[in-house]
Amino acid sequence: MSNLTGKWLQQSLRLLHHELRKGELTIVFLAIVLAVATVFSLTGFSEQVKQALTTNSVNTLAADRVLRTSSLMSPDIKAESERLGFGFAKKVLLNSMVFSGDKMLLSDVDAVTDDYPLRGELLVSTSKGSQDIKSVKSPKEGTVWVEQSLLGRMGIAVGDTVEIGVAPFVIAGVTSNIPDKAFGSVFSNPSIIMNINDLEKTELVQPGSRIFYKYLFSGENDDLKDFDEWIKPKLNESQRWIDIKSSQNRLGKTLDTAEKFLSLASMLGIVLAAIAVAVASRRYGQRHQPTVAVFKALGASNKHIQKVYVLHWSLLSLMSICIGLLVGYGLLHLGIMGIESYLALDSTSLTLRPILIAVVTGLICAVAFAIHPISKLIETSPIAVIKGFESGNSKKLSFYHAIPLIALFLLLYIFSTDILMSLSLLLGGVLVSLILLVVGRFIMGLGRTAGTKAGKALHLAFANLKRRATENSVQLVSFTIAIKLLLLITVMKSSILSEWQQQMPENTPNHYLVNITDDQVGAISNFAEKNDVPTEGFFQVYRGRLSAIEGVPTIKVQDKPNASQTDEAGDEKPKGRRGMGRELSLTWRDTPSPLTEVVEGEWWKPNDTTPQVSVEKEVAERLEIKIGDELTFTIGSDVFTVPVTSIRDVNWQSRQLNFIMVFNKATLENLPTTSISAWKVVPEKKDSVYAFLSQYPSVSIIDVDAIMKQVTTMVDQMTIAIELILVLVVLAGSLVLVAQVQASMEERERELAILRTLGAKGTLLRNSVLFEFLALGAVAGLMASIAMEIAVFVLQTQVFDMTFSLHLEFWLVGILSGAGFVGVIGMLSCWRLLNLSSVTLIRRTM
Amino acid sequence: MKVNSESILKVNGLTKSVQLEGKTLSILQPVNLQVNAGETLAIIGSSGSGKTTLLSILAGLDLPTSGEVYIKNHPLHQFNEEQRSQVRAEHVGFIFQQFLLINSLTALENVMLPAELANIENPKEKGIELLKLVGLENRLEHFPSQLSGGEQQRVAIARAFISQPDILFADEPTGNLDTKTGKYIADLLFDLNDRLGTTLVLVTHDPKLADRCARKVEMDSGVLTEASITSDSVVNANIANDQNAQEEPNNTTANNEKEEGAVCPT
């Protein structure tokens, strides 16, 4: 038997070739492709993002250390940095309207010193072509560098002049990389970089202006560490000391959350793909039993069969994994294109890790979920050629049954790299599935009762659903979850945001005017009055911070609040109380604003000159502030202490001007201030309002509608990635459905043959099959709608602070799309069967 | 057809019983049987009489509870699955009621399979030749699903003969076919068997088909009895008492002489 080696190889290849051509391995093939593609694209994507962040990590600061503050830095910090021989640069950040002819745009103005940036590259091209990109320091006086989006939005070009504040500037170049422009700052405006020496000319810096300063330092590692030690105790609440790690953490956190969500969603896809592999390989095993039995009856040894099938399955898996990697690469490319505008990624610089993880996932799917049916197949006894073949599952539990669960856990672990999370996901998944199963079966049970009265086809359909309940349950769970997520995203995109806006009262302001100086208030207020622009009046705003509560200094929110304060036995001095961790906008009012309610204490009389403050309820709760507590505030160099006389409940969603800390007039008198106002500008008046306000360049206009538009755009962009994953989930769910329909094909053939023999008409059979899948999809759609509504309820009431509203139209969408989708997929899978003539059907099965 | 005294199949005191709900159910009472080279034997009996069980043990697909089975002197009852497979590959051919062609393989590939498993030279050429003999030379590349029942059984017959087995087991070969096709398939089977000189053991409950065999034994509730002995068969088998039957020293193979007159399917 020396020549037999080549024979099994030949036979295996022959089987593979024919079966592939006849499409008998399509489901297994697609399931593995899907799992590999999902894992590869996702892991590759997150890898790319992380890589981009690491290589740009220094650039994200433009320095080694940054002090971000809303007030000028004390000179001793500069002196210390000079002593250590550090590089130093300064950046002043503010918002301003930029004008060019009759066009205007709110922009981020960055005024920088000559040494900016200390690290990373500020890349600027001075003409239209991108060939002459140069790494530069600050622009020359009288010129600015702008982002391309500003040119596009204002319809101007390099060489044109823009007005910032009261000074004209020539656009000398377009920035293609600003090293410390934060990733993910979707809300940020186009940036303009100017020389710091030009700032005064603009007259944008006024007392009380909303300005931030960034002081940049660069130096040797050891010196930097010493500097860290030295500076940290000197920082106050309005100052943030940023090193590379903390800046990365902030960036990383957002991405981590996004990545976790995508991982979870794609896990669902992978689990479903694995289930599809399991179902399809079970059918594969059953379908190949006669082949193996005949092979054996004709004298093939076990070893021979083993070789034939191990090679057969391995080749199939290998092919699927390779195609999966290709498809995954395509998806990865799509994903990268989606966020290109936020982060420069390079899909060609892939590491081996995503490929490795994807291949391992493919192998786990191909081996763990198929090992049982295939080993059972190899064990097929040749006596089956006489006695017939096993079709059912053995109920005996064996090690083989544990393998898929272990594999699922492994898959989860590969993704989350967190044992506890993987375990809870596995158990949570089982629990959710069980709940869905019970609900699903209950609904199907109701359907069956109804179907009995509804007609033969429906009756048959529900009888079938009930009989195949176990198989259907997997589909039910998978489609429910997929439809629910899709519905939720659709509702979020199309409904919640617009409902949020609709729930606003009629005159809800859509523009905020910030930085109005006292001498401008009169003219601006007159203009609003004359032109019937609804305003909420003008409020004086003071930038300050809460520095102590009851004499105890506040500490940053991220630090642990003082626990030893109540510790009577403790000798340690209290470290501090939980504070706001940031500067606050403070104001005074004679009466509480309309949509607030004093829930504790009493509001002051308008002419009461005793200093006092009213605190917003949630902040009071968080900071444990009670009526009568003494709060100390620092505004610039002024420090004063006031008692809390009332606590207010504020509706933050009303878009009215609201403040956490409101004082009586006497408390804040004589402190430097600017005013703020909120206007409702209807579209027709927008041009005239903007034209009028252009006289006051230091006044910043915040257009809420534009921001809402940006939010919507952002949600749209974010959901592309989620939708992409969900499409994969739906595909995987469909694969499970098709695999299961195929697995039940022989049984269905037999049933149809019997029904045909008993005289059932073609339409009855077709309808019963159609109704079966429609009902399955509809039940999944119904459960998905319920689940979606629960999620929306939580979002609306907890996140958006809205009144809960039902979305019955989406229930309809859920049920109809579920029924339609499952109905079509199911009918397509059964199409061949339903079109067989009665004679063929009977001959094939009897 | 020539029958010689070489024993191809020999069975001594074979029994088969199974455990069913704690009780022992005897399917085959002690069976003794000898079939010589070139012989055609029909095992007849009603459904459930045990004839298929007997066939599966004779062919080495199953093991007896007790007793001995020899195919060409190979003690199948002592062999494990792998050894029995080897014997089947080298000495045994099959024809089944349900045809049992491999759906993923073409007609030719199905026919080639036993030859490949037995490592016979030129399986393709032999396969084509046999398919020509059964009148399917135009259907070489067709898959079973593209063939009618009768055509499938013709492929199965070609497959059964390709490895030139010493003994051919046929289980209700016409059971799934209509009368006309059944008769045609029976003609083909007996004709090829005759020409290739294969020993044939046929299980059927069709008396007409059984009548075409030189010898008939009947199975009734697990008991095998001689049904009739035709004139041209050499009977070495003594159903009841043949413990002392000696094997023929002559080890010549079955007569491979081909008679004139090819099989011409209609």
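The values are calculated or read from the model by the stated rules, or taken from the named source; none is laboratory data. Bear in mind that the values here come from a model prediction, so they are computed numbers and not experimental data. Please note: Cβ atoms are built from the backbone with ideal geometry, for glycine as well, and neighbour counts cover all protein chains shown. To get the accessible areas, we keep the full protein, side chains included, count just its heavy atoms, and leave off ligands, DNA and RNA. Shrake-Rupley method; radii C 1.70, N 1.55, O 1.52, S 1.80 Å.
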- Calculate the mean, over all residues of peptide B:112-120, of how many other protein chain Cβ atoms lie within 10 angstrom of the residue's Cβ. 6
- Can you give the accessible area of A:H459, probe radius 1.4 Å, in Å² rounded to 10? 70 Å²
- With the Cα gyration tensor of the stretch B:66-220 giving a ≥ b ≥ c as the square roots of its eigenvalues, does the rule (a/c under 1.5 for rounded; else a/b larger than b/c for prolate; else oblate) give rounded, prolate or oblate? oblate
- Note on the structure: In whole angstrom, the spacing between the Cα centers of the stretch B:79-155 and the stretch A:65-104 equals 87 Å
- Might you work out the accessible area of A:T470 for me, using a 1.4 Å probe with all protein chains in place, and round it to the nearest 10 Å²? 90 Å²
- Note the full-extension length gain between A:I754 and A:S424 as 0.36 nm times their separation in residues minus their Cα-Cα distance, in nm to one decimal. 114.1 nm
- Task: Extending each Cα 7 Å along its Cβ direction at A:E747 and A:Q695, get the distance between those two points in nm, one decimal.
- Result: 8.2 nm
- Using 0.36 nm per residue of separation minus the Cα-Cα distance, give me the extension gain between A:W230 and A:E669 in nm, one decimal. 154.4 nm
- Would you mind checking B:K132/B:K183; A:K7/B:K16; B:K23/B:K51 for any pair whose Cα atoms are more than 31 angstrom apart? A:K7/B:K16
- Query: What is the stretch B:1-91 by shape, rounded, prolate or oblate, if you read a ≥ b ≥ c off the alpha carbon gyration tensor as root eigenvalues and call it rounded for a/c under 1.5, prolate for a/b larger than b/c, and oblate otherwise?
  - Reply: oblate
- Query: If you stretched the chain out fully between A:Q148 and A:V166, how much longer would it get, using 0.36 nm times the residue separation minus the C-alpha to C-alpha distance?
  - Reply: 4.2 nm
- Query: Considering every residue in A:12-24, what mean count of other chain Cβ atoms within 10 Å of its Cβ is obtained?
  - Reply: 2
- Message: If you count only protein heavy atoms and use a 1.4 Å probe, how large is the accessible surface of A:E669, to the nearest 10 Å²?
- Response: 100 Å²
- Got a sec? What order do A:W679, A:W313 fall in by accessible area at 1.4 Å, biggest, i.e. largest, first? A:W313, A:W679
- Per-residue ³J(HN,Hα) for the stretch B:170-187, Karplus 6.51 cos²θ - 1.76 cosθ + 1.60, θ = phi - 60°, Hz, x for Gly and Pro: 10, 9, 6, x, 10, x, 9, 10, 6, 4, 5, 5, x, 5, 5, 5, 4, 4
- Query: Given the stretch A:87-218, what count of lysine pairs have C-alpha atoms under 17 Å apart, with each pair 8 or more places apart or on different chains?
  - Reply: 13
- Task: Work out the FRET efficiency for A:L833 and A:I790 from their Cβ-Cβ distance, taking R0 = 41 Å, and round it to the nearest 0.05.
- Result: 0.60
- For the stretch A:87-218, with +1 on Lys and Arg beta carbons and -1 on Asp and Glu, the positive-most of A:T202, A:V170, A:I192 along the dipole: A:I192
- If you take the square roots of the eigenvalues of the alpha-carbon gyration tensor of the stretch A:87-218 and sort them as a ≥ b ≥ c, do you get rounded (a/c under 1.5), prolate (a/b over b/c) or oblate? rounded
- Simple spin-label estimate for A:L13 and B:S66 in nanometres, 7 Å along Cα-Cβ: 5.2 nm
- Cα→Cβ-extended label distance, 7 Å offset, between A:V310 and A:S375, nm: 1.3 nm
- Note on the structure: Dipole check, the stretch A:87-218, charges on Cβ (K,R +1; D,E -1), about Cα centroid: among A:W145, A:V98, A:L118 the Cα furthest to the positive pole belongs to A:L118
- Note on the structure: So the FRET efficiency between B:H205 and B:K180, C-beta based with R0 = 25 Å and rounded to 0.05, is 0.85
- Query: Out of the DSSP beta bridges found with both residues in the stretch A:87-218, what percent are antiparallel (nearest 5)?
  - Reply: 75 percent
